[in-house]
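For reference, the structure is listed below as structure tokens.
Computed from the coordinates by the stated procedures, all read-outs in this text should not be read as laboratory data. All values derive from a computational prediction rather than experimental measurement. Cβ atoms come from the backbone with ideal geometry, glycine included; neighbour counts cover every protein chain shown.
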């Protein structure tokens with residue numbers, strides 16, 4: 001049974017308490033799991049899209065960085081480029097955005113190169129993928145501290161440690177491979193032809209005339225149009241009823257590839273629990289209350305704990321996506337059974 005450590009903190013505005021708690025949880029996991037730390041440990045993060053206000057700000061990582069420095073361990077922020085248009089599509093723009101969002105305490109590495117072209121094929125031989133395109137910068141490190149933001153996601157159901165691994169460590173080609181079945185449709189009588197979706201489309205697959213249309217030959221299935229449509233006129237293809245399940249299984253397989261051979265530590269920040277993810281470039285209101293910081297060496301267990309806690313607190317199903325946990329456990333990525341230890 002996996003151990004998941006939890007420090008309950010009821011507000012994202014308690015920055016000092018969050019920062020200190022994250023460092024204490026890191027120390028506790030290392031001691032309890034008797035981990036030998038590498039001399040150089042990247043921090044896997046998400047810098048938040050331009051305009052997003054709910055991503056976990058770097059001031060909350062100050063305690064972790066101080067702990068690493070006090071133990072003479074070198075570190076840096078690491079992330080990959082986004083697959084769709086925006087401020088994170090290329091490394092130069094991504095770096096500017098990261099610095100604008102305050103990620104200045106450490107050096108930054110964009111792991112898949114200038115335009116997502118640098119990757120290594122990692123062999124896993126699973127149901128959906130024989131190999132996974134993992135960003136080159138993630139291959140050499142034998143250990144990562146994966147800093148995740150627990151919140152919703154329009155296709156995955158929720159975002160946490162598994163998505164931070166699976167989607168977050170994939171190169172652009174890997175991200176496209178996971179999204180490949182997500183070919184959306186536009187409801188013509190709901191669409192107001194505002195062109196927001198077309199501006200976000202990375203392959204110019206959306207056109208407007210008498211009727212709006214998505215060219216499925218061009219569409220790469222990134223589903224960015226679904227996320228940004230202000231009128232809810234775009235939706236997943238109903239003729240692919242297993243879309244979400246397949247997408248979630250693919251994330252799990254990429255997460256499996258991303259952590260192979262590594263002694264990772266997963267620290268999840270359960271604050272700003274919005275319906276959609278930090279890739280959305282706008283302000284979003286939380287749909288559930290904050291509940292603190294969690295840590296584990298098991299990404300499945302820490303995600304399971306987050307979903308269980310939020311449902312217990314809200315007395316309802318807040319986020320979908322538990323299928324990813326079932327499949328992740330099945331392929332040996334981790335365990336859904338955990339012992340929650342409050343500190």
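Quick notes
- 222 nm mean residue ellipticity, helices alone, for the chain (DSSP H n ≥ 4; -39,500 (n - 2.57); rounded to 500): -9000 deg cm²/dmol
- Helix 299-314 vs. the chain, principal-axis angle (Cα, 0 to 90°, nearest 10): 80 degrees
- Spin-label model, residue 196/residue 120: points 7 Å from Cα along the beta carbon direction are separated by 4.1 nm.
- Inter-part distance where region 1-36 and region 138-187 are each reduced to a Cα centre, Å: 23 Å
- Gaussian network model of the chain, Cα within-10 Å springs - most flexible of 130, 28, 315: 315
- Taking the chain as a Gaussian network of alpha-carbon nodes connected by springs under 10 Å, the highest mean-square fluctuation of the residues 270, 288, 156 belongs to 288.
- Region 1-55: C-alpha gyration tensor shape, a/c 1.5 cut-off, then a/b vs b/c: oblate
- Diffusion coefficient (Stokes-Einstein, Kirkwood radius over C-alpha pairs, 20 °C, 1.002 mPa s) for region 182-236: 199 µm²/s, rounded to a whole number.
- Region 32-160 - Debye-derived log10 I(q)/I(0), Cα point model, q = 0.11, 0.14, 0.19 Å⁻¹: -0.44, -0.72, -1.26
- Mean Cα-pair separation over length for the chain, i.e. relative contact order, pairs under 8 Å, 6 or more apart, %: 26 percent
- GNM top mover of 211, 165, 185 - the chain, alpha-carbon springs below 10 Å: 211
- When DSSP beta bridges are restricted to pairs lying wholly in the chain, around 55% turn out antiparallel.
- Between region 90-137 and region 278-327, the Cα center-to-center distance that results, in Å: 24 Å
- Between the helical axis of 91-100 and the longest alpha-carbon principal axis of the chain there is an angle of about 60 degrees.
- Here the chain is treated as a sphere whose radius is the Kirkwood value from Cα pairs; by Stokes-Einstein at 20 °C and 1.002 mPa s it diffuses with a coefficient of 106 µm²/s.
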